[in-house]
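The values are calculated or read from the model by the stated rules, or taken from the named source; none is laboratory data. Treat the numbers as computed from the prediction; the structure is a model and nothing was measured. Positions of Cβ are generated from backbone atoms using ideal geometry, with glycine treated the same way; all protein chains shown enter the neighbour counts. The protein model used for the area step is the full one, side chains on, heavy atoms only, and it has no ligands, DNA or RNA in it. Shrake-Rupley method; radii C 1.70, N 1.55, O 1.52, S 1.80 Å.
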Amino acid sequence: GYTNAAEHITSPALKTDFLQYARERSLFIVELQDEINRLGKSTEIAGGGPLGALHRTWIDIKSTFTSGDDDAILGACITGEEFAIENYNIVLEKQILEPNQITLVSKQLQSIKNTLAKLNAKKLS
């Protein structure tokens, strides 16, 4: 989603931020896929699975309908981060993860929360 948002945003600063967030999210995917593979499970679903695809599609639509309106794209990214936080919390609350998995998911969750705080600050300015 962030790569797509970076392509449609007009603000050079936000474009840079979005590309950084996209790289970070790609690393998150690799970390999670590595853990899934370690457990002997398949990671055949590319690009974050159906939820990731849905969010990217939503940003595509939002970007198209708003003709690159930076505030609308920023709002879509905020919604995506809130959705991610909600889902990370659900996974942690289930208490089904091993200690190293809790550490990994918690680290990623904190990074997402930090990104959300930065996006909200930009929305207000």
request  = With respect to Leu97, determine if the residue is surrounded by 12 or more Cβ atoms within 10 Å (Cβ to Cβ) and either part of a helix (DSSP H, G or I) or aromatic (Phe, Trp, Tyr) (or both).
outcome  = no
ask   = Does Asp34 count as of a type in the set (Asp, Glu) and open to solvent by 50 Å² or more (accessible area, probe 1.4 Å)?
value = yes
key: Count of region 100-109 residues which are open to solvent by less than 20 Å² (accessible area, probe 1.4 Å) and hydrophobic (A, V, I, L, M, F, W, C)   = 2
task = Please list, ordered by first then second residue, the pairs with beta carbon atoms under 6 Å, 6 or more apart or interchain, first in region 77-90 and more than 15 Å from Gln110 (Cβ to Cβ), second part of a helix (DSSP H, G or I).
result = Cys77/Ala5; Cys77/Leu119; Ile78/Leu119; Gly80/His55
query = Among all residue pairs at least 6 apart or on different chains, which show Cβ distances below 6 Å where the first residue, located in region 110-123, is surrounded by 15 or more Cβ atoms within 10 Å (Cβ to Cβ) and the second is of a type in the set (Phe, Trp, Tyr)?
reply = Thr115/Tyr21
remark   = Result of the Cβ filter at 9 Å on region 8-34, keeping first residues that are touching a residue at least 40 places away in the same chain (Cβ under 8 Å) and part of a helix (DSSP H, G or I) and partners that are of a type in the set (Phe, Trp, Tyr) and surrounded by 13 or more Cβ atoms within 10 Å (Cβ to Cβ), at least 6 apart or interchain, is Asp17/Tyr2; Phe18/Tyr2; Tyr21/Tyr2; Glu24/Tyr2
